[in-house]
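Undergrad: Would you mind keeping the following structure in view while I ask a few things?
The values are calculated or read from the model by the stated rules, or taken from the named source; none is laboratory data. These numbers were taken from a predicted model, which means no experiment stands behind them. So basically every Cβ, Gly included, is an ideal-geometry build from the backbone, and we count neighbours across all protein chains shown. Surface accessibility is based on the protein's heavy atoms, side chains included, excluding ligands, DNA and RNA. Shrake-Rupley method; radii C 1.70, N 1.55, O 1.52, S 1.80 Å.
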Amino acid sequence: MDVSTYPIDVDRYAKCIEVSKRVRWDIDRDVIRGRRFDFSQKFLPDGISKVDEFDFLNDDDKRLLSQIQGRTYANMFGFVERFITAKVLEITRDHWLGNQTVLESLIRFCDEELKHQALFRRIEAMMAEGMPAGYTFLPDPDTVAKAVLKNSTWAVLALILEIELFTQEHYRQSIAPDKNLSELYKDIFLFHWKEETTHAIMDELEWPREDSKLTPGERDRAVDELIALVGDVDGILQQQSLADAAYFLNVCGRSFRREEIDRIKAGILRAYRWQYIFSGVGHPRFKAVYESLTTETQRGRVATVLTTLS
Ligand SMILES: [Fe+2]
Ligand SMILES: [Fe+2]
């Protein structure tokens, strides 16, 4: 389709601006408010960390593992937001001229993600203060962003929508209802969630618009790129889950049997795959757009790869 004739739903972008103005927050004034993390509480709820699967861990072990996973969870957002901002900023080019409401909504999206990255950098330093030395977050945001951005916008937007939907889902389903989490940790994801709600809406508008530019052959190649991106994400999850398991085993203050160590490593990887891949691709709103843009054969190719990860 000729891009200039693509029907743009300006009202939906305008609604995003309205929400963005209403929920806007400041890192210090609204989120941190001079507080520190309460290390006597969990960070990530069990529904996300899946630490309940480890019947051989005591409550202290589970709390520590929830904090380690919670630290990685925050770092993951700061890290993916690097390529999300770069891609959305690139997309704004299509809207430089013409409707300025659409442009403003996407600029706000980028501005919010820049602030989120700053927030996640701040709290990484705060979490480091209260935890034993030795934690490492492996992926470098710029290196990964460069690799991700080599793919077509179609494939990257698919990944972005998936991420921005699971962000909201995790908060609503697991973080919000849990009364036993570090209050500051919980608030970070409350405020993050407030600004993320509009992002997924803009992704849902921009992905089909991008799709309208592609020929069937280009779209088919984009599906292959999406499959490769899922593989890349999984490679990162494999490395980080091993690093987090090693850190946990080093600092938990007791030893485990060989079989228990294997279960810890496999369990963290399974939790990460659920957190960053399956809870997003299984989201009804992701499926709705994805199914409208792809053929059954293309979805079959993606599903085959996903099966190897479960
Ligand atoms: Fe964000
Ligand atoms: Fe976002």
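Undergrad: Go through the range 73-92 and report how many residues are open to solvent by 60 Å² or more (accessible area, probe 1.4 Å) and closer than 24 Å to E18 by Cβ.
TA: If we filter the range 73-92 for residues that are open to solvent by 60 Å² or more (accessible area, probe 1.4 Å), which is where we start, we get 82, 89-90.
Applying the additional criterion that residues be closer than 24 Å to E18 by Cβ yields 89.
Final tally of qualifying residues: 1.
Undergrad: Within the range 278-295, take every residue that is without any contact (Cβ under 8 Å) to a residue 60 or more places away in the chain and farther than 26 Å from G217 by Cα and give me the one that is least open to solvent (accessible area, probe 1.4 Å).
TA: Quick first cut of the range 278-295, residues without any contact (Cβ under 8 Å) to a residue 60 or more places away in the chain only: 278, 282, 284, 287-288, 291, 295.
Restricting the remaining residues to those that are farther than 26 Å from G217 by Cα gives 278, 284.
Details: F278: 60, P284: 95 Å².
The selected residue is F278.
Residues checked against (1) open to solvent by 10 Å² or more (accessible area, probe 1.4 Å); (2) not polar (S, T, N, Q):
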| position | (1), (2) |
| --- | --- |
| D38 | yes, yes |
| F43 | no, yes |
| D46 | yes, yes |
| F54 | no, yes |
| S66 | no, no |
| E129 | yes, yes |
| F137 | yes, yes |
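Undergrad: What residue, of Q168, Q173, is closer than 16 Å to Y276 by Cα, among the polar types (S, T, N, Q) and in contact with a Gly (Cβ under 7 Å, 6 or more places away or on another chain)?
TA: None of the other options fit; the residue is Q173.
Undergrad: Can you name the residue in the range 217-261 that is of a type in the set (S, T, N, Q), farther than 30 Å from L293 by Cα and open to solvent by 40 Å² or more (accessible area, probe 1.4 Å) and, of all such residues, is farthest from the chain's Cα centre (by Cα)?
TA: Going residue by residue through the range 217-261, those that are of a type in the set (S, T, N, Q) are 238-241, 250, 255.
Now restrict to residues that are farther than 30 Å from L293 by Cα: 239-241, 250, 255.
Checking the rest, the ones that are also open to solvent by 40 Å² or more (accessible area, probe 1.4 Å) come to 239, 250, 255.
Values: Q239: 17, N250: 27, S255: 33 Å.
Among those that are of a type in the set (S, T, N, Q), farther than 30 Å from L293 by Cα and open to solvent by 40 Å² or more (accessible area, probe 1.4 Å), it is S255.
Undergrad: Considering only residues that are polar (S, T, N, Q) and not in a loop (DSSP other than H, G, I, E, B), which ones fall in the range 229-267?
TA: Across the range 229-267, the qualifying residues are Q238, Q239, Q240, S241, N250.
Undergrad: Would you be able to say whether some residue in the range 153-164 is over 30 Å from L64 (Cα atoms), more than 16 Å from ligand 2 (Cβ to nearest atom), open to solvent by 10 Å² or more (accessible area, probe 1.4 Å) and not aromatic (F, W, Y)?
TA: Yes, there is a match, as at least one residue in the range 153-164 is over 30 Å from L64 (Cα atoms), more than 16 Å from ligand 2 (Cβ to nearest atom), open to solvent by 10 Å² or more (accessible area, probe 1.4 Å) and not aromatic (F, W, Y).
Undergrad: For the range 177-216, what are the residues that are hydroxyl-bearing (S, T, Y), surrounded by 18 or more Cβ atoms within 10 Å (Cβ to Cβ) and not in a helix (DSSP H, G or I)? Walk me through how you get there before you give the answer.
TA: Looking only at the range 177-216, we keep the residues that are hydroxyl-bearing (S, T, Y), and these are 182, 185, 197-198, 212, 215.
Pick out the ones that are also surrounded by 18 or more Cβ atoms within 10 Å (Cβ to Cβ) and you get 182, 185, 198.
Of everything in the range 177-216, just one residue is hydroxyl-bearing (S, T, Y), surrounded by 18 or more Cβ atoms within 10 Å (Cβ to Cβ) and not in a helix (DSSP H, G or I), namely S182.
Undergrad: I need the full set of residues from the range 98-127 which are more than 14 Å from ligand 2 (Cβ to nearest atom), open to solvent by 40 Å² or more (accessible area, probe 1.4 Å) and free of Cβ contacts under 8 Å to residues at least 12 places away in the same chain, in order please.
TA: Result: G98, Q100, A125.
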